[in-house]
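Here is the structure we will look at.
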Ligand code: HXC
């Protein structure tokens, strides 16, 4: 597929999606949404891909939804076109997704990172939900995912003030998995993605699905889901191989089946 606003590359079992609208600090317009969703779904459909990395530039992961594209729309336009609704398909990807964030991750950019499973931040990353300053609110899940990730009071302060936080504060708040020096961000993303992608694909799918249920359901439902997903993995070749390799004191050789 030809993409207009992103660069896409596969290295081994890792799929890379790089936002590429430098003139707009990678602001997410409708075309970017289409490109990112299509690329993520294509990687997701490929059993040769076990992890996806989404990144931007050193200056900006993404400075938000594209304000210039949205400005003149009516509420009816937004509703009828389900503006940005397709991002739900990005969040539904079964393959683990790593956000490698440097520079601005604001508004929809922060929310895109929040749809990923691991957030690696460079020490130059800046996160925020500045939408109230524009007369709107987060619209790609920010109010919901921030409350779940950070707790109510930290999330509410960020959403109500629009204040930007740096990588260190984001790490303390639990908004990022790990902070690394800016020069090491892509290497850290590559090695984290490779570590994940080498694991048995059925176990990765099951683990991500169970983690998602934790955000969406009660403890009892989640534990029931986990137990079933756990049981189903005993029908995979990779479970037999992983456990045999442990017993035989050798490294496993997974087939991702
Ligand atoms: C459209 C954007 C943009 C955005 C930056 N640009 N952010 N265009 N939408 N979100 C454009 C600028 O207009 C400018 O283009 C170019 O990118 C460079 O930006 P500058 O402002 O000149 O850079 P700088 O001075 O370094 O300031 C960086 C910044 C600032 C602090 C990140 O750009 C900024 O505040 N951006 C908006 C952040 C924001 O409010 N995001 C939330 C969006 S609402 P020109 O052509 O003028 O030079 C949102 C809602 C989500 O995300 C809900 C989804 C439905």
**Asked** Between a first residue in the stretch 127-146 that is in a loop (DSSP other than H, G, I, E, B) and a second residue that is modelled with pLDDT under 95 and near the ligand (Cβ under 6 Å from one of its atoms), which pairs have beta carbons less than 6 Å apart while being 6 or more apart in sequence or on different chains?
**Response** 140/84
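Looking at the stretch 82-93, is at least one residue more than 30 Å from residue 47 (Cα to Cα), surrounded by 15 or more Cβ atoms within 10 Å (Cβ to Cβ) and near the ligand (Cβ under 10 Å from one of its atoms)?
Taking the stretch 82-93 as the starting set, the residues that turn out to be more than 30 Å from residue 47 (Cα to Cα) are 82-83.
With surrounded by 15 or more Cβ atoms within 10 Å (Cβ to Cβ) added as a condition, the list becomes 83.
Still in the list and also near the ligand (Cβ under 10 Å from one of its atoms): 83.
Yes, the stretch 82-93 has at least one match.
Are any residues in the stretch 163-203 surrounded by 14 or more Cβ atoms within 10 Å (Cβ to Cβ) and out of contact with any strand residue (DSSP E or B) (no Cβ under 8 Å at 6 or more places or on another chain), and if so, which ones? Reasoning before the result, please.
Here is the first cut: in the stretch 163-203, the residues surrounded by 14 or more Cβ atoms within 10 Å (Cβ to Cβ) are 164-167, 169-171, 173, 175-177, 179-180, 182, 185-186, 188-190, 192-194, 196-203.
The answer is 169, 198, 199, 200, 201, 202, 203.
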**Asked** Which residues, counting only those in the stretch 23-38, are farther than 15 Å from residue 100 by Cβ, in contact with a strand residue (DSSP E or B) (Cβ under 8 Å, 6 or more places away or on another chain) and part of a helix (DSSP H, G or I)?
**Response** 32, 35
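Return a yes/no flag: does the stretch 72-84 have any residue that is under 27 Å from residue 194 (Cβ atoms) and out of contact with any helix residue (DSSP H, G or I) (no Cβ under 8 Å at 6 or more places or on another chain). It would help to see each step written out before you state the result.
Our first condition is that a residue be under 27 Å from residue 194 (Cβ atoms); within the stretch 72-84, this holds for none.
No: zero hits.
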**Prompt:** Can you find a residue in the stretch 63-79 that is farther than 21 Å from residue 154 by Cα, in contact (Cβ under 8 Å) with a residue 40 or more places away in the chain and away from the ligand (no atom under 13 Å from the Cβ)?
**Reply:** no
**Prompt:** Looking only at the stretch 94-132, which residues are within 12 Å of the ligand (Cβ to nearest atom) and farther than 24 Å from residue 156 by Cα?
**Reply:** none
**Prompt:** So how many residues does the stretch 21-55 have that are surrounded by fewer than 17 Cβ atoms within 10 Å (Cβ to Cβ) and within 16 Å of the ligand (Cβ to nearest atom)?
**Reply:** 5
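The values are calculated or read from the model by the stated rules, or taken from the named source; none is laboratory data. As the structure is a computational prediction, the values presented were derived from the model and not from experiment. When we count neighbours, we look across all protein chains shown, and the Cβ atoms used for this are built from the backbone with ideal geometry, even at glycine.
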